Amino acid sequence: MQAKTVAILETRLGRQLGELVVKHGGRPIYAPALAEVPDVDRGYIARLVGELATHPAQFAIFQTGVGTHALFKTTDELGLTGRLLALLEKMTVVVRGPKPTGALRSRGVRMDISAADPFTTAQVLQALQSSPLAGARVIVQRYGGANLELDDALSARGAHVVEIPVYRWSLPADTRPLVELMDALERSQIDAVTVTNAAQVHNLFEVAQQLGRTAALRAALNGTLVASIGPVATGALKKFGVSIGLEASPPKLGPLLSALDAALSR
């Protein structure tokens with residue numbers, strides 16, 4: 001990766017990813033493509049906690065640490081955390097990975113089912129394979145967007161899915177770095193682009209569409225090494241006609257950077 005320029009679309013962990021690029025001898029270019037916007041409806045949370053007392057759920061699925069913390073912060077403010085914890089005691093609690101695990105552990109929540117590494121929706125569904133979902137009410141802590149793959153799979157097995165939105169993904173307030181990235185890509189000044197979330201791809205192409213530069217962006221990306229964090233991000237890239245140069249396995253930052261370093265060093 002020595003002296004190579006690597007574009008980073010990640011927002012929350014962008015600086016951490018950039019530091020890894022620097023450690024490998026590369027030069028990071030930051031173009032945050034995603035903003036996390038709080039989307040907690042306090043009234044909805046209050047009603048849901050009340051309804052769960054009379055119409056209990058059998059399962060609760062927690063997908064992200066950020067979302068889990070946001071949910072409990074809201075119940076703290078509403079004075080409902082004790083009631084929520086009591087309700088969770090009667091449910092089968094399912095966690096997608098280490099971040100929601102840590103968030104729940106800090107609240108003393110018992111966890112019954114944990115998705116295996118690499119903690120994708122596929123592993124959540126696999127972990128639930130032997131669980132009786134027909135007729136069950138399943139609470140799903142939603143992240144930036146609805147997880148249609150998870151919701152559809154649960155519904156297909158007869159579950160009634162109730163989502164808890166806590167934050168949503170949006171375009172960043174300042175999209176100039178994305179425009180500058182498109183300019184640099186068209187000038188062949190970028191050696192690689194890292195994609196760590198499918199929504200980053202949608203947002204990048206949304207900006208390109210607004211500027212009438214969709215075809216140019218697609219061509220520029222296909223002339224650059226595109227490194228995907230995993231299968232979900234890869235699917236989004238393919239949807240927009242972008243070929244990936246590599247996909248991390250497992251889908252984590254460390255393996256992504258290792259694979260990228262090896263590819264750029266060849």
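The values are calculated or read from the model by the stated rules, or taken from the named source; none is laboratory data. Only a predicted model underlies this, so the values are computations on that prediction, with no experimental measurement involved. Reconstructed Cβ throughout: ideal geometry from the backbone, glycine too, with neighbour counts over all protein chains shown.
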Inset, instruction - Please go through region 157-170 and pick out each residue that is touching a helix residue (DSSP H, G or I) at 6+ places or on another chain (Cβ under 8 Å) and modelled with pLDDT of 95 or more. - result: VAL161, VAL162
Legend entry - Filter result for the condition that a residue is more than 18 Å from the chain's Cα centre (by Cα) and either crowded, with 17+ Cβ neighbours inside 10 Å or modelled with pLDDT under 95 (or both), over LEU150, LEU154: LEU154
Inset, instruction - Give me the pairs, please: first residue somewhere in region 10-39 and over 19 Å from ALA184 (Cβ atoms), second residue anywhere and exposed (fewer than 15 other Cβ atoms within 10 Å of the Cβ), beta-carbon distance under 6 Å, and either six or more positions apart or on two chains. - result: GLY25/GLN2; ALA35/SER170; VAL37/SER170
Inset, instruction - Look through region 52-79, keep the residues that are crowded, with 19+ Cβ neighbours inside 10 Å and not in a helix (DSSP H, G or I), and return whichever of them is modelled with the lowest pLDDT. - result: THR64
Inset, instruction - Would you point out the residue of region 173-195, among those that are out of contact with any strand residue (DSSP E or B) (no Cβ under 8 Å at 6 or more places or on another chain) and either at pLDDT below 95 or of a type in the set (A, V, I, L, M, F, W, C) (or both), that is surrounded by the most Cβ atoms within 10 Å (Cβ to Cβ)? - result: LEU178
Legend entry - Answer residue from region 213-235, given it is of a type in the set (Gly, Ala, Ser) and modelled with pLDDT under 95 and is farthest from THR194 (Cα to Cα) among those: GLY235
Inset, instruction - For residues that are among the small types (Gly, Ala, Ser) and within 17 Å of SER155 (Cβ to Cβ), scanning just region 93-144, find the one that is surrounded by the fewest Cβ atoms within 10 Å (Cβ to Cβ). - result: ALA134
Inset, instruction - Among the residues of region 243-266, write down those that are in a loop (DSSP other than H, G, I, E, B) and within 20 Å of the chain's Cα centre (by Cα). - result: ILE244, ALA248, SER249, PRO250, PRO251, LYS252
